[in-house]
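Worksheet for the structure shown next.
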Amino acid sequence: MTVPARILAIEALRDALAVLLPVSCAGCGADGRTLCAACLADLQPVPRSRPLSDGTALVSALRYEGVVSRCILAVKEEGRTDAARALSRPLAAAVGLALSDVPPGRPVELVTIPSSRRAVRRRGYDPVRLLLRRAGLPAPASGLLSSRARDDQKRLGRADRWHNLENAMRARGRLDGRRFLLVDDVVTTGSTLLEAARALRAAGAEVVAAATLAATPRRFPP
């Protein structure tokens, strides 16, 4: 898939501004560089595998707390695309480990959770797709669409998250014979990944596994 030139231009401009303007560490706020040595060390992947409730294998590279959560939020909410390359490495590690257990056969395509148009316009980019590009991984397939509006998951409790996402996604037509690896930034309850897997399977696809950059502590045992 070709990345729109407008999005690439916005990303390049953000990165250039991060170099020209005074930079603080995205993890701790210290002056001088995008990420200090201590925060970079906290981003070293320590992948954990834990299945979703439907049995789908899930690999997460980092525990979502402290430096990790601050760096992810910096990229997602503060326009810190200069920190994306450091986060792309653990995501690539999670994707690689998830694919290592997939039986040989037809090619496996990456697919991401669809972002709302409003969120993409506000940021100027899709964070997960940005991380995949920085990691040098294949561009994800456009396999999923939002079938209806949904509330921000961060504001909802566990039960409400499930109801908010029920039948909220659909596939772009039939996907018979195709295999997919789901990729997202953070997994909390797993409800978003479960709904995405349901939509893909309903269209005839095989979901071989899922990979996320980070998982909340409940899903990421010590």
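Keeping to segment 127-140, report how many residues are part of a loop (DSSP other than H, G, I, E, B) and surrounded by 20 or more Cβ atoms within 10 Å (Cβ to Cβ).
The qualifying residues number 1.
Looking only at segment 103-126, count every residue that is within 20 Å of ARG170 (Cα to Cα) and surrounded by 12 or more Cβ atoms within 10 Å (Cβ to Cβ) and tell me the total.
Total meeting the criteria: 12.
Mind counting the residues in segment 93-102 that are open to solvent by 30 Å² or more (accessible area, probe 1.4 Å) and either out of contact with any Pro (no Cβ under 7 Å at 6 or more places or on another chain) or modelled with pLDDT under 95 (or both)?
Number of matching residues: 4.
Can you tell me how many residues in segment 49-84 are of a type in the set (Lys, Arg), more than 19 Å from VAL120 (Cα to Cα) and either out of contact with any Leu (no Cβ under 9 Å at 6 or more places or on another chain) or open to solvent by less than 10 Å² (accessible area, probe 1.4 Å) (or both)?
2
Count, please, the residues in segment 79-108 that happen to be part of a loop (DSSP other than H, G, I, E, B) and closer than 23 Å to GLY32 by Cβ.
2
Looking only at segment 39-72, count every residue that is out of contact with any Pro (no Cβ under 7 Å at 6 or more places or on another chain), closer than 12 Å to PRO90 by Cβ and of a type in the set (D, E, K, R) and tell me the total.
Residues that pass the stated criteria total 1.
So, in segment 176-189, exactly how many residues are over 16 Å from ALA210 (Cβ atoms), of a type outside the set (Asp, Glu) and without any contact (Cβ under 8 Å) to a residue 60 or more places away in the chain?
0
Under 9 Å between Cβ atoms, which residue pairs at least 6 apart in sequence (or on different chains) link something in segment 68-95 that is at positive phi with a partner that is hydrophobic (A, V, I, L, M, F, W, C)?
GLY79/LEU17; GLY79/ALA18
Output yes when any residue across segment 1-9 is at pLDDT below 65, of a type in the set (Ser, Thr, Tyr) and at negative phi, and no when none is.
There is at least one residue in segment 1-9 that is at pLDDT below 65, of a type in the set (Ser, Thr, Tyr) and at negative phi.
Out of LEU175, LEU182, I need the residue that is open to solvent by less than 10 Å² (accessible area, probe 1.4 Å), assigned to a loop (DSSP other than H, G, I, E, B) and modelled with pLDDT of 95 or more. Which one?
LEU175
The values are calculated or read from the model by the stated rules, or taken from the named source; none is laboratory data. Since the model is a prediction, treat every value here as computed from it, not as a measurement. In this analysis, Cβ positions are derived from the backbone assuming ideal geometry, glycine residues included, and neighbour counts consider all displayed protein chains. Just the protein is used for accessible areas: all its heavy atoms, side chains included, with ligands, DNA and RNA removed. Shrake-Rupley method; radii C 1.70, N 1.55, O 1.52, S 1.80 Å.
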